[in-house]
1. Residue separation times 0.36 nm, minus the C-alpha to C-alpha distance between PHE174 and ARG186: what's the value?
2. What is the spin-label model distance, in nm, from LYS113 to ALA208 if the labels are put 7 Å beyond Cα along the C-beta direction?
3. Computed FRET efficiency, Cβ-Cβ of ASP304 and THR53, R0 51 Å: what is it to the nearest 0.05?
4. Using a simple spin-label model with points 7 Å from Cα along the Cα→Cβ vector, what separation in nm is obtained for PHE242 and ALA135?
5. Pick out the long, greasy-scoring helices in the chain: whole DSSP H runs spanning 15 Å or more along their own axis by Cα, mean Kyte-Doolittle at least 0.0.
6. For Cα pairs less than 8 Å apart in space and 6+ apart in sequence, what is the mean separation divided by the residue count of the chain, i.e. the relative contact order in percent?
7. Can you grab the distance from the C-alpha centre of the range 49-69 to the C-alpha centre of the range 76-93, Å, no decimals?
8. Please tell me the relative contact order of the range 167-220 in percent, rounded to the nearest whole number, where contacts are Cα pairs under 8 Å and at least six residues apart.
Amino acid sequence: MGYEPRFGQSPFAIAREQAFEALVKWGGYAELIRLLRDQLAVPVDEAGVTDLTEVGGDTNPARRAAETRSLLARLASGNDERLILDRPLLTLEVAGQTAYLEPQAVTHRVGGKFYVAEIRSFPAIDGQTNPTAVAQTAKQAAVSVLALRRTFEQLELDPAQIAHEFLLICPKDFSNRPYGRLIDLRQELDALRFQLTRLRRADDLALALPPSATLDTDREEGELDFSVGALDAFYTPGCLSFCEMARYCRDEATACASPARLGSTVRNTLPGVDSTRTALAYLGDIHAPGLTEAAAVDRLRAADRLRQLRRGDVA
Ligand code: SF4
């Protein structure tokens, strides 16, 4: 549609992450096993690992997901078998669609729990890590934990066997020596469950489209534009960090002066006001607000007065 996404890791960052992951898994996963021993205080020297990036040479996601489920069923219902799953493929229903998720590893049962492990190349300096990078990794780990719990429920196994902490592995200080730390995910899991209940199903969204609508990217730009324009968008600046449609939706939000273009805080402060042009018209007494907008307009007036006071425009 003429809007190239401008986000994602640089090739250098991707190469660095891959090299660090290879180091953690080098020598029969020696570093991963050492960190599991350090952080989870169990003897795991003899742990085996199954690489699930392929199944008998087959990289098909459905096949990998089926193999992951069958191994999880075996590990969770049997005796304590010390098998670590490398790159398992999990599924999660998101808005009526099946999403595939690939955590870097899932441990064998440790003290009655299975743990997700994530390997990242940002460093831990004196035990301190970049909070933004950790928060982002925690969100991803929470999705894997939720997917694991749903898989256990479907297999009629106890989902409480999945730990609510994950093992973050990153380089220690300025060396490449792997460092591990357990991070609590309860807050992220609560937020994620809430967000998933609010997502609208793709099938329901499609009902709003005319029969001729298409989302086929090989079709004419105008046809695509028409179909996408028929769907409601809920753009906020946060979209820029994860969605390929962000620049398209940002232009659309700018064109219709959506308050959400300025961020979700502004949008939430102005319930009932769907355009910043309308908000300015209320402030300039060009239009009178209705009952639903009155509270938002009162807040705007108070903010406007504060701004004028700070600028010294009001005595
Ligand atoms: S940019 Fe935001 S509003 Fe647009 S499609 Fe992506 S998530 Fe939805």
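Values quoted throughout were computed directly from the atomic coordinates according to the rules given, and no laboratory measurement underlies them. Quantities reported herein were computed from a predicted structural model and do not represent experimental measurements. We place every Cβ from the backbone using ideal geometry, glycine too, and count neighbours over all the protein chains shown.
1. Taking PHE174 through ARG186 to full extension adds about 1.3 nm, to one decimal.
2. Label at LYS113, label at ALA208, 4.1 nm between them.
3. It comes to 0.35.
4. Simple spin-label model gives 1.3 nm for this pair.
5. Going by DSSP H runs, the hits are 11-40, 131-154.
6. 13 percent
7. What the calculation gives is 12 Å, centre to centre.
8. On the way: 20 pairs, mean separation 10.8, N = 54.
Averaging sequence separation for qualifying contacts and normalising by length gives 20 percent for the range 167-220.
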